[in-house]
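The next block holds one structure in the form of structure tokens; read it before the comments.
The values are calculated or read from the model by the stated rules, or taken from the named source; none is laboratory data. Values in this document were obtained by computation on a predicted structure and should not be read as measured data. Ideal geometry is used to build each Cβ from the backbone, glycine not excepted, and the neighbour counts take in all protein chains shown. These area figures cover heavy atoms from the full protein model, side chains too; ligands, DNA and RNA do not enter into them. Shrake-Rupley method; radii C 1.70, N 1.55, O 1.52, S 1.80 Å.
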Amino acid sequence: MSKPQDSVPALRRAVRILDLVKAAPRPPLAADVARQLDLPRSTVHGLLGVMVELGLLEKTSSQGYRLGTRLLDWVGGVTEKRDLVTEFYQALDGFSDLGPFTVTLTLLEGMEVVYVACRNSATVLGASFRVGMRLPAIFTATGNAMLAEMDDTSFREWLTLHPASTWPEPLTPNGIRSVTTLVREIAEIRDRGYAVDDEQIHDGLWCFGAGVKDYSGRMVAGVGVSLPQTELGRYDVSELGRRAAALAQAVSGRLGYRNGVDGAET
């Protein structure tokens with residue numbers, strides 16, 4: 001009996017490429033993919049181009065390839081994203097002091113943060129948060145907190161992929177407008193342990209954010225604690241930042257992250 005002919009070789013090759021990129025210690029070049037999979041370079045270039053177009057892969061500033069964010073849309077809702085959201089809400093249950101605030105969970109996707117969980121407070125914020133909402137990362141506390149969790153190389157690569165010329169117009173007069181300002185802000189976040197959105201998203205709205213890490217120490221999300229500017233005088237600003245950081249640490253712990261692992265504090 002003859003062997004059935006494979007009618008979808010391109011699909012099988014695309015899956016092999018995804019497996020290779022996932023396992024590679026650094027983003028492989030097109031030539032690396034062709035050599036390791038023993039495929040014609042023309043075939044590989046064609047597949048890589050389509051996979052980038054579809055969001056399955058992303059091209060880095062070094063011309064290598066890494067997994068694309070569209071995979072989160074497929075896998076996230078079933079496994080990691082569902083687990084992340086579940087752990088966020090379970091961790092939040094242990095923070096009774098966050099009851100007066102709106103608390104959110106976001107993911108970083110390119111230049112935006114996407115909201116995947118939200119618990120709104122009874123206090124009128126002047127802006128509504130909802131699951132699925134997207135906002136420019138550089139104006140949000142959670143976005144800047146996640147950028148601050150990157151190592152220097154990854155952050156420089158992010159800046160290369162998203163130069164200031166491509167940034168959106170600020171939403172308020174307080175919005176970050178330059179790379180110099182963003183770099184300074186990232187340094188301050190790393191120093192104090194939390195990020196602050198001082199009315200950059202909406203006039204009269206403040207938010208304090210911190211990054212969430214998974215079991216391997218990789219940044220996977222950001223948590224935000226929001227309140228109206230009119231309520232700010234009732235609290236110590238640094239304490240609000242520490243509350244956001246404590247929640248992020250609790251979510252990270254539920255995801256398996258432990259201090260002292262992969263360069264974390266001991």
Is it true that some residue in region 207-223 is more than 28 Å from Asp83 (Cα to Cα), assigned by the TED database to the domain that holds Glu87 and surrounded by fewer than 21 Cβ atoms within 10 Å (Cβ to Cβ)?
-> no
Extreme residue, farthest from Val113 (Cα to Cα), among residues of region 155-182 that are assigned to a helix (DSSP H, G or I) and open to solvent by less than 50 Å² (accessible area, probe 1.4 Å) | Thr181
Out of curiosity, is Leu247 closer than 21 Å to Phe88 by Cα, over 21 Å from the mean Cα position of the chain (by Cα) and assigned to a helix (DSSP H, G or I)?
-> no
